[in-house]
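Take a look at the structure set out below.
The values are calculated or read from the model by the stated rules, or taken from the named source; none is laboratory data. Source: prediction; values computed, not measured. Cβ: placed from backbone, ideal geometry, glycine included. Neighbour counts: every protein chain shown.
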Amino acid sequence: MSSNQLLQEFNDNPFDQFTQWYRKSNLPGMAGWIFSLQRAIYNFLSRWAPELERISDNAFSLSTFGDRGPESRIVLLKSYDEKGFVFYTNYDSQKGRSMEGESRVHMLFYEPFPLRQIRISGVVEKTTREESEAYWSTRPKGSQISQAASHQSVEISDSDNIHQRVAELKVKYKNTPVPCPENWGGYRITPSRFEFWVGRASRLHDRIIYERQDNGGWKKFMIQP
Ligand SMILES: Cc1cc2nc3c(=O)[nH]c(=O)nc-3n(C[C@H](O)[C@H](O)[C@H](O)COP(=O)(O)O)c2cc1C
């Protein structure tokens, strides 16, 4: 297939292309079969091993730039639409403080089978309080208590007992909902550039780029492997 033909196969809208890869719809031939089989096995086994449900394919690496230089860590993509990609965290964490100073961030999704990666550059902003609270209310109480008790990324000192805080919060909110902490909430990343990378055995990998244009549209082109 020529580069031009391949480029035509990619959706003109990068969000639609993202959805196709993220949902793993339209996986070609053998890859589709293996993916469906893997899903079926996980679903079956998770009756006895609930932790298998936690094998999430919504994880991505988030890179930020802060006072310690560039840093990456895994977070979970909770929702996305044409406005951007949303994840949740502690606003006072290392990443939260980094994004306060530098709003340009980078997202990386890696998929070993079929071999692919998606790289997204964008600018981050906090979600509205209503959006964060709405998501918080869907979380299991145990997670809410752990998140409310943790001063994420802060050094643990002898006098600071997180387990005691968890125990106290469990008692405090035994019969009432745990309120969403002020320093906890979502971020939305508005993308300006996508790269869809397709691994090829020949090492002549395909790289399809989308760049946001001033008129809000997207320019789609390929770059060398
Ligand atoms: C699979 C996986 C999913 C994670 N999801 C999140 C998440 O959604 N939000 C979050 O704050 N941390 C998440 N973490 C923990 C982060 O990787 C990181 O340890 C934490 O956010 C503190 O990062 P920081 O000190 O750079 O702020 C996840 C880790 C893993 C391995």
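Inside the range 36-58, residues that are assigned to a helix (DSSP H, G or I), in contact with a helix residue (DSSP H, G or I) (Cβ under 8 Å, 6 or more places away or on another chain) and at pLDDT 80 or above make up a count of 2. Based on this model, can you work out whether Asp206 counts as surrounded by 13 or more Cβ atoms within 10 Å (Cβ to Cβ) and either in the same structural domain as Phe10 (by TED's automatic domain parsing) or within 30 Å of Leu115 (Cα to Cα) (or both)? Yes.
Tell me, which residue of the range 20-35 that is loosely packed, with under 15 Cβ neighbours inside 10 Å and not in a helix (DSSP H, G or I) is nearest to the chain's Cα centre (by Cα)? By that ranking, first place goes to Arg23. Scanning the range 94-105 for residues that are closer than 24 Å to Glu195 by Cα, buried (at least 17 other Cβ atoms within 10 Å of the Cβ), assigned by TED's automatic domain parsing to the domain that holds Ile189 and under 13 Å from the mean Cα position of the chain (by Cα) turns up at least one hit.
Pairing residues of the range 79-101 that are of a type in the set (S, T, N, Q) with residues that are near the ligand (Cβ under 6 Å from one of its atoms) and part of a helix (DSSP H, G or I), at Cβ distances under 9 Å and at least 6 apart in sequence or on separate chains, gives Thr89/Lys95. When residues in the range 128-147 are screened for being within 21 Å of Ala167 (Cβ to Cβ) and either exposed (fewer than 15 other Cβ atoms within 10 Å of the Cβ) or touching a helix residue (DSSP H, G or I) at 6+ places or on another chain (Cβ under 6 Å) (or both), 5 of them pass.
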